[in-house]
Structure formats: C-alpha cells, structure tokens
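Please read the structure below before turning to the comments.
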Amino acid sequence: MRNSLVFYLNGRRTVVQDADPSMLLIEYLRTHKLLTGTKLGCGEGGCGACTVTVSNFLLEEGASTQHRGINACLAPLCSIDGCHVTTVEGIGTQAKPHPVQDRISKCHGSQCGFCTPGIVMALYSKLQSN
Ligand code: FES
C-alpha cells in the first residue's frame with residue numbers, strides 16, 4: 001500500500017502524493033502542470049480534443065509496450081499510475097514540430113484549431129502503436 005502515484009509525463013518522472021481519487025487526468029494536466037495544449041471540449045468523451053497518449057508495458061506479452069490514445073476528460077488521474085503520458089507538448093515544438101503536426105499544418109488540416117491537438121495525439125498514438 002502506498003499513498004503516491006508514480007508515472008512519466010512527457011519523459012519526466014512525476015510523483016503525486018495523496019492524489020484526489022476524483023481528479024481527472026485533464027484537470028491535473030491543465031491546472032497542475034499547465035499543459036493547456038490538451039483541450040477540454042465536450043468533457044464527456046465525444047469530441048477527442050482532450051486526447052493524450054498513454055503507454056505502458058504488457059509484461060504478460062513479452063514485455064512489449066502498448067500505446068493508446070485516451071480521453072483525458074474521462075480518465076481518473078489515479079488510472080495512469082505506472083504509465084507514461086504524452087501530451088501534445090511532448091511530441092514537438094514550434095521550431096521542430098512532429099511530422100504529424102507538420103503535415104497537418106502544411107496541408108491546412110484544421111479548421112478553428114481547438115480540437116487539432118486531439119487529432120494530432122490520436123494520429124501520434126496510432127503511429128506509436130504501429
Ligand atoms: Fe471531448 Fe474529452 S473533452 S472527448
């Protein structure tokens with residue numbers, strides 16, 4: 001029994017002591033870590049604007065790694081213990097965007113742009129999982 005969550009966030013080890021079991025991942029990312037690239041749209045799993053990548057080991061499958069795009073507006077913060085969370089801030093920068101970001105930008109692949117980070121992370125998650 002322990003009273004802390006341990007996970008990686010954009011490559012950095014993160015420890016949360018005495019996490020509120022009712023806190024959602026999106027609230028933690030936006031309010032506590034100021035990672036506001038993850039957007040809150042519908043808040044009920046419908047729009048995908050809040051998509052982040054969650055990676056974890058599958059020990060029972062030969063220690064392979066699983067990457068999934070999840071809705072941060074639905075995921076409890078406590079559910080990511082032992083995982084690696086990647087947000088849109090973790091895959092590229094303005095000076096050096098990820099190829100998915102670069103292609104969306106060059107091909108005019110967004111409208112108002114609010115949900116574009118979620119689209120980027122859904123594509124990134126799919127590419128990571130091959
Ligand atoms: Fe719409 Fe999460 S905010 S799916």
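Please find, in a Gaussian network model of the chain (springs between Cα atoms separated by less than 10 Å), the residue of Thr86, Thr14, Thr116 whose mean-square fluctuation is greatest.
Result for the chain, Cα springs under 10 Å: Thr14 fluctuates most.
Taking the chain as a Gaussian network, where each spring joins two C-alpha atoms under 10 Å apart, which residue of Leu29, Leu58, Leu77 fluctuates the most?
Leu58
Read phi for every residue in the range 47-52 and hand back ³J(HN,Hα) as whole Hz from Karplus 6.51 cos²θ - 1.76 cosθ + 1.60, θ = phi - 60°, with x for Gly and Pro.
9, x, 5, 9, 5, 10
Could you give the length gained by full extension between Glu27 and Arg12, i.e. 0.36 nm per residue of separation minus their alpha carbon distance, to one decimal place?
Details: separation 15, 0.36 × 15 = 5.40 nm, distance 1.84 nm.
Once the chain is fully extended between Glu27 and Arg12, it gains 3.6 nm.
Per residue, how much accessible area does the chain have with a 1.4 Å probe, in Å²? Present the calculation step by step, with values, prior to reporting the outcome.
Details: 7890 Å² over 130 residues.
Accessible area per residue, the chain: 61 Å².
Determine the share of the chain's accessible area contributed by carbon and sulfur atoms, expressed in whole percent, with a 1.4 angstrom probe.
Within the chain, the accessible surface is 52 percent carbon and sulfur.
I'd like the orientation of helix 116-128 relative to the chain: the angle between its Cα long axis and the longest Cα principal axis, in ° from 0 to 90, rounded to 10.
70
Looking at Ser125, Gln101, Cys47, which one has the Cα that reaches farthest to the positive end of the dipole of the chain (charges on Cβ: Lys, Arg +1; Asp, Glu -1)?
Positive-end residue among those listed: Gln101.
Using θ = phi - 60° and the Karplus relation 6.51 cos²θ - 1.76 cosθ + 1.60, list the HN-Hα couplings for the range 62-73 in order, rounded to whole Hz, with x at every Gly or Pro.
With the stated coefficients, the range 62-73 comes to x, 6, 7, 10, 10, 10, 9, x, 10, 8, 5, 7 Hz.
Of Leu59, Leu34, Leu74, which is the most mobile in a GNM of the chain whose springs link Cα atoms less than 10 angstrom apart?
Leu59
Under 19 Å from the 7 Å Cα→Cβ point of Arg2, by amide nitrogen: which residues of the range 21-46?
Flagged as within label range: 21.
At a threshold of 8 angstrom on Cα-Cα distance, excluding pairs fewer than six apart, so keeping six or more, what relative contact order does the chain reach in percent? Walk me through the numbers on the way to the answer.
Numbers: 229 pairs, mean separation 39.8, N = 130.
About 31 percent, as a whole number.
Could you work out [θ]222 nm for the chain from helices alone, using -39500 (n - 2.57) per DSSP H run of at least four and dividing by all its residues? Round to the nearest 500 deg cm²/dmol. It would help to have the intermediate numbers written out before the result.
Values: 2 runs with 21 residues, N = 130.
-5000 deg cm²/dmol, from helical runs alone.
The values are calculated or read from the model by the stated rules, or taken from the named source; none is laboratory data. From a predicted model like this one, the values you see are computed outputs, not experimental measurements. Virtual Cβ from ideal backbone geometry, glycine too; neighbours counted across all protein chains shown. Only protein heavy atoms, including side chains, enter the accessible area calculation; ligands, DNA and RNA are left aside. Shrake-Rupley method; radii C 1.70, N 1.55, O 1.52, S 1.80 Å.
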